[in-house]
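The values are calculated or read from the model by the stated rules, or taken from the named source; none is laboratory data. Only a predicted model underlies this, so the values are computations on that prediction, with no experimental measurement involved. Note that we place each Cβ from the backbone using ideal geometry, even for glycine, and neighbour counts take in every protein chain shown. All accessible areas refer to the heavy atoms of the entire protein, side chains included, with ligands and DNA or RNA removed. Shrake-Rupley method; radii C 1.70, N 1.55, O 1.52, S 1.80 Å.
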Amino acid sequence: MTQSIRNPLTVVKGFLQLYEKDNSFSSNQKCHFNLMVDELNMAEQVISQFLTMAKPDQEQAAEIVDVKDVLRSVTDLLHSYGLLHDNRIELKVTDDCTISANIMELKQLFINIIKNAIEASNYGDLVIVKAEKEKDFVVIKVIDYGKGMSEEEVALLGAPFYSLKSKGTGLGLMICFNIVEKYNGKIGFASSKNQGTTTTIRFSYYDKTKLFR
């Protein structure tokens, strides 16, 4: 199914990229071709996100996950992305933050949330990623000091095709909501205009010592 959807886009994009290199076309026409390729890339991104949401739950099995390891991996991955705008990611995670979830889905969730925080930040701002055990829960917080949101904007987060980005689709955050809900977690946002945003994700704590009883 995935290939049957993507193949026509790939063919059209391939021809447009050939035309971009063809000297028989004017620079103005090539500019139009480049614009069309950009829009096809956007269409591919939207399709990928839809397909991610459409995957049956059984394809992603839950496992015992150390949140500290996952967050360290994700922040290492996004380190260079943050440096593009001189944004440093500070990681503060306590030990014994274990939950039951699929590690790949968890990484996707954290990548989307932290990437959003970087993109919302001003040049040189710090993004803080925290996680700790609070009673029977593991609480993860992603804090930025960027543009922030109004109460009305916060209320619409997670709605299909609602995005504060100029070329955003809103599907990335919708996927985040789906992943959190799948593992009976909770996600919330505290934000003020020009004061930044704190995203809080809460999952049930899994006592890994149960494995050895």
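So here's what we get for this one:
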| read-out | value |
| --- | --- |
| When each of K21/K107; K130/K208; K13/K147; K130/K182; K30/K193; K13/K186 is checked by Cα-Cα distance, pairs over 29 Å | K21/K107; K13/K147; K30/K193; K13/K186 |
| Using a Förster distance of 30 Å, the FRET efficiency for A62-L35 (Cβ separation, nearest 0.05) | 0.10 |
| Solvent-accessible area, 1.4 Å probe, carbon plus sulfur percent, for region 60-133 | 49 |
| Surface per residue (accessible, 1.4 Å probe) for region 68-140, Å² | 49 |
| Lys/Arg +1, Asp/Glu -1 at C-beta; region 60-125 dipole; positive extreme among Q108, C97, V65 | Q108 |
